[in-house]
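Q: Starting off with a structure, shown below.
Bear in mind that the values in this text are calculations on the coordinates, not laboratory data. Keep in mind it's a predicted model, so treat the numbers as computed, not measured. Here the Cβ is made from the backbone with ideal geometry for all residues, glycine too, and neighbour counts use every protein chain on show.
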Amino acid sequence: MEKKDIESLIEENFLLEKSRVDLEKMTCGAYCLHGSFGIGQLKGYDREKKRLIIVFGEGNTESRLMDPIFCIKKLEILQDDDMLVKFHNNPAEIRQKMKKSSIALLIEYLEKTQNHKASLGDIEKTFGRIVEEKNFKRWWNVTKKLIAKEPKLTLIEGNVTYLELCDEPVLEEDQLIQQFESVRDIHQKITIAEKFLSLLKTNESLKDFGIKIIECLSEICSAKVKRVTAADKFQACVVRDELAKLSGVNIDSLSPKLEALISECPNLAKICGNLQSNYYTVFLELITRVFPDEWEKLCFNILKNCNERLTNECIVYLKDNSCADVIRTTLVKWLKEKNLRAVLLQWIIKNRHAKKFEEVFSTDLMSCELLRAIFWAIDNEALLSVGKLRKIPLVELLNNDRTLIRDLLSNATEEIASDLAQTLLINQGIDNLSKKSLLARFIAVFPGIQELVLSANKAKLPQDISLKVSLSSLENKRKEYDLLIKEKIPANKKAIELAREHGDLSENSEYKMARQDQDTLLSRKAQLEEELKMAHVIDFVNIDTSMVSIGSVVKIRQIDSGKTVEYTILGAWDGDPSKNIISYKTSMAQLLLGKKEKEIVESISENHKETWQIESISAYTGH
């Protein structure tokens, strides 16, 4: 906007005077950032409509008319040398720099910020638009580790954590000392003390400050306030004692003692569950030392009630201490008593084929009763999660483990299998599509219970409008549906709400485009729901090769020319023309289905009739 345009707006609304500086930044050619639309460039100002003309997105030629008053709050005007502007104009160059050195690019970014520092939130916001979303979390975790080793960068802890580019390189030990003295959070202090411990192992000159950390950690261990938990005290005490060894401090002179913290604790399982994972083994070893006659019982009590990572550590510790037989009998005992919790069931499923754990599994454990326990745990977790949108890990494991049901039913009778299938059907924690898929695995072992599938789908659609699909294609459809429901539709809703704040919807192109996007998304959602409702999972195994069916590989020969073509006929969503894989719904597949070798079929292409003979029929064996 030009100066006269700004004056005209302020004349109409004197309250805009306080936003004059923001309006003056909205000049033709300036770059901006919008929460939903990303980076854009101001191309001009429509005086008649009193709207800014903005083009968003790389290579986008469609402009949007936006109210400058609305833009004061919703747009961030960027400098020409801003990192996001550079990325917008030359993404290949920025990505090449990032590939070469993320730290160098981060330093380049900080050089352009005020006082050469930025909050970690702002850094994530900026680089989250540069790094692909699926890779950002891993990239950021790696980069944070590199930041800790870079002398030019220092973290300033506080209510908001800042990253600062220093004029002079700062040694890592100086950074840690500064951070330890400034932070108040107990967990952060312990984490910094751990890092300092690593440095002290190679730099004895830091002993003096190590003694100061020892004193501080002793205070944490002795604290009688709620914000310091028993797990905090244990971790602080472990680090303190290690620092004392390296600093030449007599551990016996320190109080409280590590053993006392454990012996006085009424709930060891609760402490262990709240520890960081790198302390698990230390804790278990300490229990063995402090309770030489009861350690085994205490460790099994922890195993019965702990998280997934601790479950693995606990079993490894017990096995390494000659308790493999006890683990085996205890797991069977808990199964019979219906005391196998979901976390332990997950561990069993994941590790049942692991060679290092083979001695803790028995045939009594790996039975149909384990499958019953899994269904019960899923049902129970669903009841506890009423009103919450969350995935149940056991359901995911069941879906992904293609052989589990077969293995657990190997010694079951058809009556038991039928009972378990009925249990599956009424399970509240397993969605209907997963139930169909899991029932198909029951039927593969016990074909006689196939009627359950029909009874489970009382509202089953007529055969001619149902869709026969492969499990993999169904899972892809479900992923697309989940992406719509959890990400795309909520993001669109937010964009509409932001656009509504403008007020004048008749001239609001941002609102109109968001509503158009909404129509497209909701239409696709309805289409997917209809398709998923019609879907019926089939396996392409053990098919009858005496005639063409879904799952057949058919070789046909054109009578006139002698040309041969081989088609693979699969589910409704499996078509891949580049590989001559066709859906059974296609016209060619419909011509072939039900036919036998040597039979003749006729196809019509562009008003031209072609005659084919079926040369051979074989079974599809996989991609």
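Q: Based on DSSP H runs of at least 4 residues, each adding -39500 (n - 2.57), what is the mean residue ellipticity at 222 nm of the chain after dividing by all its residues, to the nearest 500 deg cm²/dmol?
A: Helices in the chain give a 222 nm mean residue ellipticity of -16000 deg cm²/dmol.
Q: Moving to a separate point now. Tell me which lysines have Cα within less than 21 Å of Lys319's Cα, excluding those fewer than 8 residues away on the same chain?
A: Lys297, Lys304, Lys333, Lys350, Lys355, Lys356
Q: Among (1) 31.2; (2) 26.6; (3) 25.7, only one was calculated for this model; which label is it, if the read-out is Kirkwood radius over Cα pairs in Å?
A: The listed entry that was calculated here is (1).
Q: I would also like to ask the following. Compute from the Cα atoms of segment 471-537 the Rg and the Dmax, the latter being the longest Cα-Cα distance, and quote both in angstrom.
A: Final numbers for Rg and Dmax: 15.1, 49 Å.
Q: Tell me, what is the FRET efficiency for Glu602 and Glu62 to the nearest 0.05, using R0 = 35 angstrom and their Cβ-Cβ distance as r?
A: 0.10
Q: Using 1/(1 + (r/R0)^6) with R0 = 41 angstrom and r between the beta carbons of Asn89 and Asn159, what's the FRET efficiency to the nearest 0.05?
A: 0.70
Q: How large is the dipole of the chain about the Cα centre if only Lys and Arg carry +1 and Asp and Glu carry -1, each at its Cβ, rounded to the nearest 20 debye?
A: In total the dipole reaches around 820 debye.
Q: Describe numerically, in nm with one decimal, the distance between label points set 7 Å from Cα along Cα→Cβ at Lys49 and at Thr413.
A: 7.7
Q: If Lys and Arg each add +1 and Asp and Glu each add -1, what is the summed charge of the other residues whose beta carbon sits under 13 Å from the beta carbon of Leu345?
A: Taking every other residue near Leu345 into account, the sum is 0.
Q: Lys201: which lysines have alpha carbons under 16 Å from its alpha carbon, excluding same-chain residues fewer than 8 sequence positions away?
A: Those lysines meeting the cut-off are Lys245.
Q: In whole angstrom, note down how far apart the Cα centers of segment 390-424 and segment 270-291 are.
A: So the two Cα centres are separated by 35 Å.
Q: Counting Lys and Arg as +1 and Asp and Glu as -1, each charge on the Cβ, what is the dipole of segment 552-619 about the Cα centre in debye, to the nearest 20?
A: Computed about the Cα centre, the dipole is about 120 debye.
Q: Could you give the length gained on full extension between Ala104 and Ala223, defined as 0.36 nm per residue of separation minus the Cα-Cα distance, in nm?
A: Additional length available on full extension: 38.6 nm.
Q: Regarding segment 552-619, what are the three Cα extents along the principal axes, ordered largest first, in Å?
A: Principal-axis extents of the Cα atoms in segment 552-619, largest first: 32, 27, 21 Å.
Q: Any idea what the relative contact order of segment 507-600 is, in percent, if you count C-alpha pairs under 8 Å spaced at least 6 apart?
A: That works out to 20 percent.
Q: Using Cα pairs closer than 8 Å and at least 6 residues apart in sequence, work out the relative contact order for segment 3-78, in percent.
A: 25
Q: Can I ask one more? Would you work out the relative contact order for the chain, in percent, from Cα pairs under 8 angstrom that are 6 or more residues apart?
A: Computed value for the chain: 6 percent relative contact order.
Q: Can you spot the aspartates and glutamates whose alpha carbon is less than 12 Å from Lys609's alpha carbon? Ignore those fewer than 8 places along the same chain.
A: Asp560
Q: If I model a spin label as a point 7 Å beyond the Cα along the Cα-Cβ vector, how far apart are those points for Glu308 and Val282 in nm?
A: Distance between the two pseudo-spin positions: 2.5 nm.
Q: To continue, here is another question. For segment 5-101, what proportion of DSSP beta bridges, expressed in % and rounded to the nearest 5, is antiparallel?
A: If we restrict to bridges inside segment 5-101, about 100 percent are antiparallel.
Q: Out of Gln96, Ala499, Ser472, whose Cα points farthest toward the positive end of the dipole of the chain (charges: +1 Lys, Arg; -1 Asp, Glu; placed on Cβ)?
A: Ser472
Q: Moving on to the next point. Round to the nearest 0.05 the FRET efficiency obtained for Ser362 and Ser561 when R0 = 45 Å and r is the Cβ-Cβ distance.
A: Calculated transfer efficiency: 0.10.
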